[in-house]
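Report on one structure; see the data block that follows.
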Amino acid sequence: MAQADFWNDQEAAQSKVSDRKSLLAVVKPLDDALAASEDLTTMIEMAAEDASFADEVPVEVEQLEAVLEQLKLQALLSGTHDAAGAILTIHARDGGTDANDWAEMLLRMYLQWAQKNDYAVSLIDRQDNEEAGINHAAVVIRGPMAYGYLRGETGMHRLVRISPFNSEGKRQTSFAAVDVAPEISDAVEIEINEADVRVDTYRASGAGGQHVNKTDSAIRLTHVPTGIVVQCQNERSQHKNRATAWKMLRARLARQAEEQREAEEMSRYQQQARTGFGSQIRNYFLHPDQRVKDARTKYQRGNFQAVLDGDIQGFLEATLRWRAGQPVEETVL
């Protein structure tokens, strides 16, 4: 990074900066733990000579144990692409306008989580619903172990609440599907036969000015053998949208290969993680009581609004422990 020409290639430079942040996220806590261990050893030796230091030992032990628990958690982030950025896509599913509104609420939740953790976010694609909310959206979240933490969010998210769009005030159940794939570096080889990919161009929708609405700048790629579909319309340039769409397709195929490897090695886990749009992974209740509960780990929070404001780290960590067969604390008020 100290080289004079480091920033000449902005994309490569940003990738290096991201790699450094990911490495520091692992190395610094380990250094802190080793330093704390040495301090504790010294304190125990001093306590043997001076009883006044004895009361400080349990406090130091507790702090060191907390650091070690965090290191154990980070050790679970050892997947092939766990250190990569995360391409997160949200689709409104069953529930009409409520589902569109719910999809936008989820998008805000993940953006808030990213902001709290000082992660960078880039919008790839967004299609607003005419009445409220969004039909779908895709963002890239970049930061230390972004994909490792978010990969377990793939699946169906269910909201139960009194509908603000129903004049009779009836309870409504809405669904939104979340899909998370790793942002794959161009240096990683993902074999794609271009003959297997159908390319469609169309006019971008939503805000963006006359240029967006009058040119076929949006790109949709369909990988015929797998049925995977990706699309990008956020950039005015068809060339940029095409490049981003191909990056998204490579990410989805990389994640599919990763899931296949996990299935083959499922004996490593207590139970295989359920993935895909058909799996309901988490329930969010606003009526009759307020709580959020994960259907896999049984971890739950009683503060609904805090979760929607991005306080989801507990759910992400519980999923990591669940995948590795470790016990999960079920309830947090």
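Coordinate-derived values only; no laboratory data. It should be emphasised that the depicted structure is a prediction, and the values quoted were computed from it without experimental measurement. Neighbour counts are summed over all protein chains in view; Cβ atoms, including those assigned to glycine, are modelled from backbone coordinates with ideal geometry.
Between the stretch 23-90 and the stretch 117-139, the alpha-carbon centres lie 36 Å apart. Please figure out what share of the DSSP beta bridges in the chain is antiparallel and state it in percent, rounded to the nearest 5. Counting DSSP beta bridges with both partners in the chain, the antiparallel share is about 85 percent. If you run the Gaussian network model on the chain, springs between alpha carbon atoms under 10 Å, then out of Ala83, Ala47, Ala103 the most flexible one is Ala47.
Taking every DSSP helix (H) stretch of at least 4 residues in the chain, weighting each as -39,500 (n - 2.57) and dividing the sum by the residue count yields a mean residue ellipticity at 222 nm of -13500 deg cm²/dmol. Screening the chain for DSSP H helices whose Cα atoms reach 24 Å or more along their own axis and whose mean Kyte hydropathy is at least 0.0 gives 56-75.
Each residue, Glu62 and Asn193, gets one label point 7 Å from its Cα in the Cβ direction; the gap between the two is 6.2 nm.
Evaluated at q = 0.10 Å⁻¹, a Debye calculation over the C-alpha positions of the chain (equal weights, vacuum) places log10 I(q)/I(0) at -0.69. Only the Cβ atoms of Lys and Arg (+1) and of Asp and Glu (-1) were treated as charged; on that basis the dipole of the chain about its Cα centre amounts to roughly 1860 debye.
For the residues Ser217, Ser78, Ser163, Ser37, what sequence is obtained by ranking on other C-beta atoms within 10 Å, fewest first?
If I rank by nearby Cβ atoms, fewest first, I get Ser78, Ser37, Ser163, Ser217.
Please tell me the relative contact order of the stretch 86-332 in percent, rounded to the nearest whole number, where contacts are Cα pairs under 8 Å and at least six residues apart. The normalised contact order for the stretch 86-332 reaches 21 percent. This ranking places Met145, Met46 by how few other beta-carbon atoms lie within 10 Å of each, fewest first, which gives Met46, Met145.
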